[in-house]
1. Return the residue satisfying two criteria in turn: it lies in region 49-100 and is under 22 Å from Val12 (Cβ atoms) and among the aromatic types (Phe, Trp, Tyr), and of such residues it is surrounded by the fewest Cβ atoms within 10 Å (Cβ to Cβ).
2. Please identify the pairs in which a residue from region 168-192 that is on the phi > 0 side of the Ramachandran plot has its Cβ atom under 9 Å from the Cβ atom of a residue that is assigned to a loop (DSSP other than H, G, I, E, B) and among the charged types (D, E, K, R), counting only partners at least 6 apart or on another chain.
3. Among the residues of region 21-37, which ones are surrounded by fewer than 18 Cβ atoms within 10 Å (Cβ to Cβ) and closer than 14 Å to Phe5 by Cα?
4. Quick check: is even one residue across region 62-71 in contact with a Ser or Thr (Cβ under 9 Å, 6 or more places away or on another chain), part of a strand (DSSP E or B) and either closer than 27 Å to Glu100 by Cα or at pLDDT 95 or above (or both)?
5. Does Val105 fit the bill of being under 23 Å from Asp50 (Cα atoms), in a strand (DSSP E or B) and at pLDDT 95 or above?
6. Restricting the search to region 1-31, which residues are among the polar types (S, T, N, Q) and part of a loop (DSSP other than H, G, I, E, B)?
7. Kindly provide the set of residues from region 134-192 that are in a loop (DSSP other than H, G, I, E, B) and either among the aromatic types (Phe, Trp, Tyr) or within 15 Å of Ser110 (Cα to Cα) (or both), ordered by number.
8. Here are some residues: Phe85, Phe129, Phe78. Which one is under 20 Å from Asn142 (Cα atoms) and touching a Leu at 6+ places or on another chain (Cβ under 7 Å)?
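The values are calculated or read from the model by the stated rules, or taken from the named source; none is laboratory data. Note that the coordinates shown come from a computational prediction; the quantities given were computed from them, not determined experimentally. Virtual Cβ from ideal backbone geometry, glycine too; neighbours counted across all protein chains shown.
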Amino acid sequence: MSFDFFYHETAVLDKGCTIGKGTKIWHFCHVMPNCIVGERCNIGQNVFLDNNVIIGNRVKIQNNVSVYNSVIIEDDCFLGPSMVFTNVLNPRANIERKHEYKQTVIGRGSSIGANATIICGIRIGRYAFIGAGAVVTKEVSNYSLVVGNPARQIGWVGEYGHRLEFNNQGIAICIESQQEYQFVNNQVFRIK
């Protein structure tokens with residue numbers, strides 16, 4: 001059998017999972033049935049991908065991350081080492097709550113720092129940046145920079161991950177890409 005993706009010999013890929021072209025899956029990973037992984041992803045060592053997880057294209061998942069049932073990760077996201085997802089709000093070992101899984105969506109281009117925790121049932125907006133160790137308990141807007149426990153917004157970032165500084169007209173220019181952004185009604189939009 002030939003594959004158009006790479007997986008290390010210690011990885012376990014259950015029957016029924018879907019892995020996209022050019023994806024790399026490293027040591028001691030486990031991909032469950034009904035998990036979909038897009039193209040050109042990099043799945044680091046000791047990663048667990050549960051049933052009914054959807055991973056977009058070009059996603060990087062660093063070591064020691066578990067992506068649980070009902071998590072959707074859109075294209076071009078970065079998940080830092082040992083960051084954590086949840087899928088039930090009030091888990092108990094002796095009470096079955098699989099029917100209570102809450103969907104969590106990580107928007108396109110977002111980055112989640114090492115050891116951050118994402119509480120289930122929320123959406124992380126496109127190109128948001130979650131700082132290392134943050135505990136995210138509520139929705140995060142597109143282009144937001146959030147840190148702390150509980151996480152709070154401290155600024156805005158562009159698509160290249162640099163902090164945006166808005167002028168009096170509500171315009172910011174990324175220092176690396178020269179992309180322009182506008183701040184209107186407490187939201188950020190890319191305009192060029």
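1. The selected residue is Tyr68.
2. If the second residue must be assigned to a loop (DSSP other than H, G, I, E, B) and among the charged types (D, E, K, R), the pairs left are Gln178/Lys192.
3. Once the filter is applied, which keeps residues that are surrounded by fewer than 18 Cβ atoms within 10 Å (Cβ to Cβ) and closer than 14 Å to Phe5 by Cα, region 21-37 yields Lys21, Gly22, Lys24, Ile36.
4. yes
5. yes
6. Matches in region 1-31: Ser2, Thr10, Thr23.
7. Answer for region 134-192, where residues must be in a loop (DSSP other than H, G, I, E, B) and either among the aromatic types (Phe, Trp, Tyr) or within 15 Å of Ser110 (Cα to Cα) (or both): Ala134, Glu139, Ser141, Asn142, Tyr143, Gly158, Glu159, Tyr160, Gly161, His162, Phe166.
8. Phe129
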